Amino acid sequence: MNFTLLLSVGIGGFVGAILRFSLSTAIGKASSTTFPLGTLGVNILGSFLIGFLFLYFQQINFSASQKAMFITGLLGALTTFSTFSLDTILLLQGEFYFKALMNMMLNLLLSLGATLLGMWLFRTIY
C-alpha cells in the first residue's frame, strides 16, 4: 500500500465526513420527525453517486488514487451503515417498530434503486 493511495482515501474521507454531517444535519433540521431522514438522504445520494461514478471512472483515465479518493474515501464517508444501524436500534429501543422497519426497508431499497439509477443515467448520457 503506498502513501499516495492512503492520503487520497484520507482526503476523500475528510470531505465525505464533513458532507455527511452537514447534509444529514440540514435534512434533520428541515424535518420534524423521529425518523432518521438525514441518514437515509445521504445513503441514497451516495448510492446514486457510486453507481454513476463507478461506470464513469471506467471510461476516463483516473489513477487508482483518484478513484480511491472518490469511491472509498468520499462516498465511503458520505454514506454510513453504522449510523443507519444505530438509528434503527434507537428506533427499536424507543418502541417505534414501524419506523424501524421502514428505516431498514427504505435504506436498502432506495439505496439499491439509487445505485441502479446512477448507472442508468451514466449509460443514458454516455
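Here are a few things to note about the model shown:
- When each full DSSP H helix of the chain is screened for a Cα extent of at least 27 Å along its own axis and an average Kyte-Doolittle hydropathy of at least -1.0, the helices passing are 3-30, 37-59, 97-125.
- Reported label for calculated Rg and Dmax of the Cα atoms in Å given (1) 13.6, 41; (2) 15.9, 50; (3) 21.0, 71: (2)
- Counted charge near Phe52, where neighbours are those whose Cβ lies closer than 14 Å (Asp, Glu -1; Lys, Arg +1): +2
- Rough spin-label spacing in nm, given labels placed 7 Å along Cα→Cβ, for Lys29 and Ser82: 2.4 nm
- With both labels modelled 7 Å from their Cα along Cα-to-Cβ, the Met105 to Arg123 distance reads 2.7 nm.
- Taking Ile50, Ile11 and counting other C-beta atoms within 10 Å, the order from fewest to most: Ile11, Ile50
- Label-to-label distance, nm, for residues given as Leu112 and Leu90 (7 Å Cα→Cβ offset): 2.7 nm
- Calculated [222 nm] ellipticity per residue, helices only, for the chain: -26500 deg cm²/dmol; basis is -39500 (n - 2.57) per DSSP H run with n ≥ 4, divided by all residues, nearest 500.
- Note: relative contact order over the chain, using C-alpha pairs below 8 Å and six or more positions apart, is 40 percent.
Any read-out appearing in this document is the output of simple, stated calculations on the displayed coordinates, not a laboratory observation. For clarity, every value in this text was computed on a predicted model and none was experimentally measured. Don't worry about glycine lacking a Cβ; one is built from the backbone with ideal geometry, like all the others, and counts go over all protein chains shown.
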